[in-house]
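The structure appears right after this line, and notes come after that.
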Amino acid sequence: MFRTKAIAIAASLLISAFWGCSEKPKEVKQEAGKEVLITTAKAELRPVERSVTFVGELQAEEEATIKAEIKGKIGGVYKNLGESVRNGELIANINSEEYRISQEQATQALKEAQSKYELARLNWERAKGLFDKGLISERESDEARESLKGLEATVKERHAALEMAAKRLRDTSIIAPFSGVIKERFVNPGDYMEDKGAIVSIVALSPLKLRASVPESAAASMKKGLKVAISVVAYPNKIFEGAVIRISPSVDPRTRTLHIEAAFSNKDGILKPGFFAKGKVVTKGDDKAVFVPEEALIAFAGIKKVFVIENGEASERIVKVGERIENLLEITEGVKEGEVIATSSLNKISTGIKVEVKR
């Protein structure tokens, strides 16, 4: 009997202990005269840029694969991978002997046609005069005129043939259509090229463009000329600045985003087509907003708060956060300019706790 009572008492004590531990801990009251030592900072107004962030890929504004307009053997290739080329500069040539001969033949044929035409013109003028005097028949006059017309057509044909021969001769020289850098070389001297065979590909490194998408909500603030700042993995500590140059007239219905293009001068050639970039479009740069040090912010379960110090006591404020500038956070709601904010010992204070500011 005694043993049963002892077991029952022990069980009762264990249950009491369990429920006691399960209760939420009561807030510990602050002992009198023992203020929590903290550091503080004043909420201050600072200029802030309003921006829209994006990711995108850098592309060349101009890029082309240069192809042969004629067939023939490659005589020389004067530019290689990675080398710069100027607009109009010779890149390669095709053996021109055959095309030079063709031009000479076309030139000679035109001269002969022109000579015959000149004789026919003189014959027509003489026949016209004789016909006017009644010395030859109308049929003879018509024959002279028709002969002149035929030779005139022949001259035009020979002239067109000469122009084509001259073009083919010019096409033996492969020149750069714009300034850039050789991205790829496809041929070597001695290779035989068919029509439209690829010689090299050229990419212009300056300027470069970046195509990106911004949210539909930012569409109203997008304008040509807005400043764009990007960073790339290859140069993590460097910011590159450009400007918006093109804006799509419509929002993509699938992604609900607006496509924009920005240009970057890239005069030093540091940026490369294909670089992945992160950046922002600065939509407004003259706002002023309240900022506090980032160490003043407490964030938990999606709620952000700070402690405002008033008359030596802490007061909790739920806040909304905006832009970040270095180690400062913009407070868009919950704190006013000039209010004193706790920046340390945040885990030791709550609303109503007395505090002492470190000197």
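The values are calculated or read from the model by the stated rules, or taken from the named source; none is laboratory data. Given the structure is predicted, the values throughout are model-derived calculations rather than measurements. So basically every Cβ, Gly included, is an ideal-geometry build from the backbone, and we count neighbours across all protein chains shown.
Key figures
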| quantity | calculated |
| --- | --- |
| Residue among Val251, Val214, Val306, Val281 that alone is assigned by TED's automatic domain parsing to the domain that holds Asn327 and either among the aliphatic types (A, V, I, L, M) or in contact with a Cys (Cβ under 7 Å, 6 or more places away or on another chain) (or both) | Val306 |
| Selection from region 222-238 of residues that are more than 14 Å from the chain's Cα centre (by Cα) and assigned to a strand (DSSP E or B) | Tyr235, Pro236, Asn237, Lys238 |
| Enumerated strands (runs of 3 or more DSSP E) restricted to region 25-106, each holding at least 3 residues that are at pLDDT below 90 | 44-60 |
| Hits in region 310-327 (condition: buried (at least 18 other Cβ atoms within 10 Å of the Cβ) and either on the phi > 0 side of the Ramachandran plot or touching a residue at least 40 places away in the same chain (Cβ under 8 Å) (or both)) | Ala314 |
| Given (1) more than 30 Å from Glu89 (Cβ to Cβ); (2) modelled with pLDDT under 95, number of the condition Met193 does not satisfy | (1) |
| Lone qualifier among Lys196, Lys183 - being touching a residue at least 12 places away in the same chain (Cβ under 8 Å), closer than 19 Å to Arg86 by Cα, surrounded by fewer than 20 Cβ atoms within 10 Å (Cβ to Cβ) and of a type outside the set (Val, Ile, Thr) | Lys183 |
| Number of positions in region 334-350 that are loosely packed, with under 14 Cβ neighbours inside 10 Å and either more than 50 Å from the chain's Cα centre (by Cα) or under 13 Å from Glu35 (Cα atoms) (or both) | 0 |
| Residue match in region 161-168 (condition: under 30 Å from Val203 (Cα atoms), part of a strand (DSSP E or B), within 60 Å of the chain's Cα centre (by Cα) and at pLDDT 95 or above) | no |
